[in-house]
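Read-outs throughout are calculated quantities, based only on the coordinates presented, and are distinct from any laboratory measurement. As the structure is a computational prediction, the values presented were derived from the model and not from experiment. Here Cβ is always computed from backbone atoms with ideal geometry, including for glycine, and neighbour counts include all displayed protein chains.
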Amino acid sequence: MSRPYRLLALGLPLLLLALAACSPLTALNALSPAGATDSVEGLAYGEGARRKLDVYRPRDQRGPAPVVVFFYGGNWVGGERGDYAFVGRALAARGIVTIVADYRLHPEVSYPDFLRDAAQAVAWAHREAARYGGDPRRLYVMGHSAGAYNAAMVALDERWLQEQGMATADLRGWIGLAGPYDFLPIENPTTKPVFHFPDTPPDSQPVRHVAAGTPPALLIAAHKDKLVEPERNTGQLAKLLRARQVPVRELYYGSVTHTTLVASIAAPLRWLAPTLDDVAAFVLKPGA
């Protein structure tokens with residue numbers, strides 16, 4: 001039996017028991033110990049309960065570490081930063097200061113307010129990361145699903161960081177996991193009011209903002225994604241970036257779905273895909 005399947009056989013009963021007792025994300029957090037990492041939780045980057053973030057950092061780092069700001073998915077209507085502690089711990093254990101940020105959701109807000117929140121969180125990281133061992137000169141933005149959309153728009157559309165006194169050039173790169181980058185006309189009934197359908201602005205789409213000189217990208221998707229079509233979104237965006245000479249790495253995994261792609265970052269599910277390895281390699285590559 002191969003090593004991944006031995007690990008699966010050993011860990012699956014425990015994982016199934018945890019999933020039965022609580023939500024899947026809570027289980028992943030419970031089965032993803034902090035290890036040699038520390039966290040500071042509930043820091044405000046703006047006003048209100050949804051403008052807060054948690055910082056995860058390596059315990060014994062040597063010198064300033066790269067910084068990743070992570071935004072979770074949830075179709076812009078749900079999600080909590082605490083549910084994604086496993087992402088913060090995993091990246092911090094690889095030597096990356098990681099910030100997991102909340103942002104306001106519909107119906108409290110709609111497009112583009114959550115992008116202003118995302119940019120504000122990134123600006124906080126640029127300003128404050130050094131306090132937590134981070135190097136603001138090596139700043140990345142990352143997200144999954146709706147969070148990948150947020151990351152893409154912050155990295156590609158100058159408007160949002162400019163409002164914070166920054167530029168997309170202040171980012172060393174960005175990472176998108178199963179992101180929706182081209183979804184007009186909107187078909188999902190939950191998403192329609194978020195983007196003012198049928199009057200959705202065309203420039204709400206990340207593919208409209210690809211230009212030479214935008215930050216390098218790592219785009220990862222699942223072949224089996226039934227929610228965000230990988231070729232139209234990840235594939236098309238990668239093609240547009242390459243056409244403008246923007247460095248991009250495009251990866252597709254065969255053993256994950258839209259949801260388990262981000263879950264594969266957690267220790268119990270890393271046998272599914274090398275998501276953590278590929279993200280860490282992108283952020284920690286020599287010269288980055």
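Please rank PHE195, PHE86, fewest neighbouring Cβ atoms within 10 Å first, as an exposure proxy.
Exposure proxy ranking, most exposed first: PHE195, PHE86.
Placing unit charges on C-beta atoms (Lys and Arg positive, Asp and Glu negative, everything else neutral), compute the dipole magnitude of region 70-195 about its Cα centre in debye, rounded to 20.
On the way: 12 positive and 14 negative charges, 95 e Å.
Roughly 460 debye, rounded to the nearest 20.
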Worksheet item: What distance in nm separates the simple spin-label points at GLU231 and SER39, each placed 7 Å from Cα in the Cβ direction?
Response: 3.9 nm
Worksheet item: With the Cα gyration tensor of region 122-169 giving a ≥ b ≥ c as the square roots of its eigenvalues, does the rule (a/c under 1.5 for rounded; else a/b larger than b/c for prolate; else oblate) give rounded, prolate or oblate?
Response: oblate
Discussion item. Net charge around ALA65, counting only other residues with Cβ within less than 12 Å of its Cβ (Lys, Arg = +1; Asp, Glu = -1)?
Written reply: +4
Worksheet item: Based on Cβ point charges of +1 for Lys and Arg and -1 for Asp and Glu, what charge dipole magnitude is obtained for the chain about its Cα centre, in debye rounded to the nearest 20?
Response: 860 debye
Practice prompt. Tell me what the chain gives for mean residue ellipticity at 222 nm when only DSSP H runs of n ≥ 4 count, each as -39,500 (n - 2.57), the sum divided by the residue total, rounded to 500 deg cm²/dmol.
Written response: -9500 deg cm²/dmol
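Relative contact order for the chain: what is it in percent, counting Cα pairs under 8 Å that are at least 6 residues apart?
17 percent
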Discussion item. Using Cβ counts within 10 Å as a stand-in for footprinting exposure, how do ASP135, ASP203 rank, fewest first?
Written reply: ASP203, ASP135
Item to complete: Mind giving me the nanometre distance, one decimal, between the label points for HIS223 and THR190, set 7 Å out from Cα along Cα→Cβ?
Response: 2.7 nm
Worksheet item: Expressed as a whole number of Å, what is the distance separating the alpha-carbon centroids of region 234-288 and region 164-181?
Response: 14 Å
Worksheet entry | Environment charge of VAL283, counting only residues whose C-beta is closer than 15 Å and scoring Lys/Arg +1, Asp/Glu -1 | +4
Discussion item. How are the alpha carbon pair distances in region 202-288 distributed across 10 Å bins from zero to the largest one, expressed in percent?
Written reply: 17, 42, 34, 7, 0
Response to the item:
Over all Cα pairs of the chain, the Kirkwood radius sets Rh, and Rg/Rh then becomes 0.94
Response to the item:
The local net charge around GLY35, scoring Lys/Arg +1 and Asp/Glu -1 for residues other than GLY35 whose Cβ lies under 15 Å from its Cβ, equals +3
